Amino acid sequence: MHTQKFFISMATTTAVHASRLASLLLASALWAASAMGQSDPPAVRPNPATTQSDPPAFQGVVGKTLKDSKEWWATPPHAPQGAPNVIWILLDDVGFGATSAFGGIIRTPTFDSLADNGLRYTNFHTAGICAPTRSALLTGRNHHFVHEGGFSHIALSAGFPGYDGRIPSSAGTIAEILRDNGYNTFGVGKFGLTPDEDATDAGPFDRWPSGKGFEHWFGFLGSQTDQYEPDLIEDNAHVTPDGRHLSDQITDKAIHYITRQQKAAPGKPFFLYFAPGATHAPHQVDKYWSDQYKGAFDDGWDAFREKVFTNQKRKGIIPADAQLPERNPNIPAWNSLNADQRKVYARFMEVYAGYLTYTDFIVGRLVNFLKESHQLDNTLIFVVIGDNGASKEGTLHGVINKQLFTRAQQDVEAVKANLDSIGEIGTAEGHQTNYPLGWAQAANTPFKYWKQDANSEGGTRNPLIVFYPRALPHDGEVRTQYGHVIDLLPTTLELVGIPAPPVIRGVPQDSIQGVSLAYSFHDAKAVSHHREQYYYIFGARSVYKDGWKAETLHHPDILDLTINIPTRDTTQFGFDKDVWELYDLNTDFNERIDLAKKYPEKLAALKAQFDADAERYHIYPFIDWDDVFHRRIHNHGTAVTATMAPAAATPKQ
C-alpha cells in the first residue's frame with residue numbers, strides 16, 4: 001500500500017509538469033540504448049568466505065601433465081540473496097528549512113513522498129562544507145582522518161596528513177566495498193574529491209571516481225561547475241556536454257546505466273550515488289521553474305523564517321516549545337530595505353526556489369523510472385538534503401558573476417550592479433549566481449549561521465530521509481537520534497548484509513568510525529548510539545558528546561575577509577582569542593542559550609575531548625581562512641586576499 005501511495009503522489013507531480021516530462025522522457029529514450037560513535041570504535045571482522053579482498057589461494061592440483069592436474073576456479077563474488085539496490089542522493093548547499101519535506105515553503109513533492117513513505121531524521125549532521133562531507137560520507141570515517149580537512153584543490157589543501165586532499169586507499173569507499181561484493185556501482189554528478197593536479201585526461205586516475213570503486217561515473221570532479229557549460233567527465237576522460245542543464249544529463253545517464261546493467265544481468269543489485277550540483281552556485285534553472293515563484297517571496301526573509309518555523313512545529317520536525325533565534329545582526333530587517341533591494345533580492349530567491357523544485361523533479365524522474373521498471377520496492381534510498389547548511393558565499397547582496405572569495409562591492413554599488421543585471425539571475429549568463437545572506441539564514445530555519453560554520457547546527461545539521469519499502473516503516477515517522485554522514489556506510493552495510501572488509505584489494509583497512517543507524521529504524525525512542533563527534537572547518541570548530549556541545553566561531557572567517565563589517569573588532573581575531581560557548585542540545589536544540597559560564601567544568605571537559613580528537617584524527621595544525629587567503633599553504637606566495645579565486649570557482653570547474 002505504501003508504494004501505491006508514493007506513486008500516486010509522483011503521478012500528481014508528473015501531471016503538473018506533463019509537457020516538460022514528455023521532452024525529458026524523449027531525451028531519456030535517446031540515451032537508451034548513487035563517528036565517531038564510541039570513543040574507540042571496534043573494527044568489524046567479516047567472514048572471509050563472503051568478502052573479497054585478495055584472490056583466494058589456488059585450491060586445485062598442478063601436476064606435470066594435465067592428466068595429473070586438477071583445475072580450480074574461484075567463485076565470483078555475489079551479493080547476499082535478495083540484497084537491495086542502494087541509492088545515495090546527496091544535494092548541495094540546501095539549508096534545513098528549505099524543502100517542504102521538512103517544513104519549508106519551497107515545493108519538493110518527491111522528497112515529501114519519500115519522507116512520507118519512509119523515515120525523517122531531524123538530528124543528522126554533515127561536516128559543514130562539501131569535500132569534507134563527501135569524503136566522510138563515502139568512507140564512513142571522519143574527514144581529517146581521510147585527509148580532507150579542507151579540499152582537494154591546490155589553494156585549499158596543505159601538506160599535512162589531515163589536509164592534503166588525498167583520500168588514502170586504507171579508507172575504502174562504499175563503492176569499493178559493494179563492487180567487491182557483487183554490486184555494480186555507478187555515480188553521477190559532483191565528485192569533488194580529485195586533486196586538481198590529477199584532474200586531466202592524463203590522470204593519474206586512482207583518485208578519480210573510477211579509482212574509488214565506481215565502475216561508471218558521469219559528472220564533474222571539482223566543487224562547482226556551470227550547469228550549462230560543465231567541466232564534464234565520463235569514466236576516465238573529459239567529454240563534451242550537450243547544452244542541456246547538467247541535472248537533465250546526469251539523470252538520463254543514471255537511468256541509462258541502470259537500464260543497461262539490468263538488461264545484461266537482470267536482478268543484479270546496483271549502487272547509485274546521485275549527487276547533482278544543485279543547489280550549489282551557480283543557481284541556474286529554466287524560467288519555467290523560477291517563474292512559478294513569481295512574487296512568492298515579496299514579503300521577505302523575515303516572513304519566510306516565521307512561516308517555516310510554524311510549519312516545522314506543526315509537522316513535528318522541531319519541538320513544540322522551540323523558539324526562533326534572533327535574526328543575525330549582519331542581516332537587515334526586510335522592511336528596512338528600499339524598493340530596489342527588495343526587488344532584486346526577491347528575484348534571487350525565486351530562482352533558488354525554482355532550482356530546488358526542479359532538482360526535486362529530476363529525482364522524481366529517477367524514482368518513477370524505478371517504479372515503472374518494478375525495482376522500487378527493493379531499493380534502499382538515502383536522501384541527504386544538503387552537504388552543509390545554506391551557503392554564506394552570496395555576500396549580503398547576492399552575486400551574479402562575481403568570483404568566489406573576492407571582496408564584495410560596496411552596498412550601493414552591489415545593489416545597482418545586480419539590478420542592472422537582474423535578467424541574468426538564474427540564466428546561463430549568470431556564472432556565479434548565489435542569493436544574499438539573508439535568504440541563506442531563512443533557508444536554515446530554525447538555526448543560526450550557515451555553511452562553513454562547523455561550530456553551529458546551522459552549518460552542519462541537514463535533513464535525512466530513509467526509504468526502503470521492503471523492510472522499513474513507511475509512515476513518515478520522525479527520528480531524533482543523533483547521526484552523522486559517517487554513519488551511512490555502516491548503516492548500508494548492515495541492511496544489505498555485507499560486513500566491512502579488513503582488506504580491500506590487498507590494502508588493509510582502517511576501522512570505520514561511523515555507527516549504523518539501523519537500531520533506530522523500528523524504535524523511535526532508542527538511545528543514540530553515535531555519542532561523540534568533532535567538527536572543524538577552517539577555524540570554526542565544535543565538539544559534541546551525549547547532547548552537550550562546545551563550540552567557537554573562529555575569526556577571521558570568510559565574511560570578515562570578503563565583506564566590510566564595521567562591527568568587527570579585528571584585534572580579537574586569532575585562535576588564542578576564540579571564545580567558546582556551551583549548549584545543552586537536549587533542551588536547546590538550536591543553540592540559543594550559552595551555558596559556558598554556568599557550567600565551566602562541562603566546557604573544560606568538552607574542550608579536552610576536542611584536543612584529544614585533534615590528535616587522533618589529524619586536525620592539527622589549525623588552518624583558517626586567513627591562511628588560505630594569504631596563500632600560506634600549498635601554494636606559497638604573495639597575499640591575494642582581494643583577488644583570490646581558486647580553480648574550483650571558475651565557470652567550468
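Odds and ends about this structure:
- Beta bridges per DSSP with both ends in the chain, % antiparallel, nearest 5: 55
- Prolate/oblate/rounded call for region 488-560, Cα gyration tensor, a/c under 1.5 rounded: oblate
- Net charge, residue 242 excluded, C-beta distance under 10 Å - Lys, Arg +1, Asp, Glu -1: -1
- Gain on full stretching of the segment that runs from residue 202 to residue 526 - 0.36 nm per residue minus C-alpha separation: 111.6 nm
- Where trypsin sites (Lys or Arg not before Pro) fall in DSSP loop in region 562-624, at most 13 other Cβ within 10 Å: 597, 598
- Applying both filters, DSSP loop and at most 11 other Cβ atoms within 10 Å, to the GluC sites (Glu not before Pro) of region 164-227 eliminates every site.
- Cα shape, region 97-247, gyration tensor, a/c 1.5 rule: prolate
- Surface per residue (accessible, 1.4 Å probe) for the chain, Å²: 37
- Listed by chain and number, the lysines placed with their C-alpha closer than 24 angstrom to that of residue 190 are 212, 253, 287, 392, 402, 451, 652; residues fewer than eight positions away on the same chain are left out.
- Between region 411-450 and region 282-309, the Cα center-to-center distance that results, in Å: 12
- Overall form of region 267-364 per C-alpha gyration tensor (a/c, 1.5; a/b vs b/c): oblate
- Only helices enter this figure: runs of n ≥ 4 DSSP H residues, each worth -39500 (n - 2.57), summed and divided by the residues of the chain, yield -8500 deg cm²/dmol at 222 nm to the nearest 500.
- For region 59-169, a Kirkwood radius taken over Cα pairs fed into Stokes-Einstein (20 °C, viscosity 1.002 mPa s) yields D = 115 µm²/s.
- Share of pairwise Cα separations in region 576-621, more than 18 Å, in percent: 40
- Overall shape of the chain was characterised from the C-alpha gyration tensor. The equivalent ellipsoid obtained from it has semi-axes of 38, 29, 25 Å, in decreasing order.
- Packing rank of 249-256, 282-289, where each peptide gets the mean count of other beta carbons within 10 Å, highest leading: 249-256, 282-289
- The GluC sites (Glu not before Pro) found in region 325-403 that occupy coil by DSSP, while having at most 11 further C-beta atoms within 10 Å, are 326.
- Local electrostatic count, residue 150, Cβ distance below 13 Å [Lys/Arg +1, Asp/Glu -1]: -2
- Positive-end residue of 483, 331, 285, charge dipole of the chain with Cβ unit charges: 483
- Carbon and sulfur %, accessible surface of region 253-403 computed with the full protein complex present, 1.4 Å: 49
- Whole-angstrom gap from region 523-545 to region 323-374, using each part's C-alpha centre: 28
- Partner lysines for residue 525 [C-alpha distance under 25 Å; skip if fewer than 8 residues away on the same chain]: 313, 315, 545, 549
- Computed over region 187-247, the percent of Cα pairs more than 18 Å apart is 24.
The values are calculated or read from the model by the stated rules, or taken from the named source; none is laboratory data. Just so it is clear, the model here is predicted, and its values are computed rather than measured. Here Cβ is always computed from backbone atoms with ideal geometry, including for glycine, and neighbour counts include all displayed protein chains. Ligands, DNA and RNA are excluded from the accessible area calculation, which covers all protein heavy atoms including side chains. Shrake-Rupley method; radii C 1.70, N 1.55, O 1.52, S 1.80 Å.
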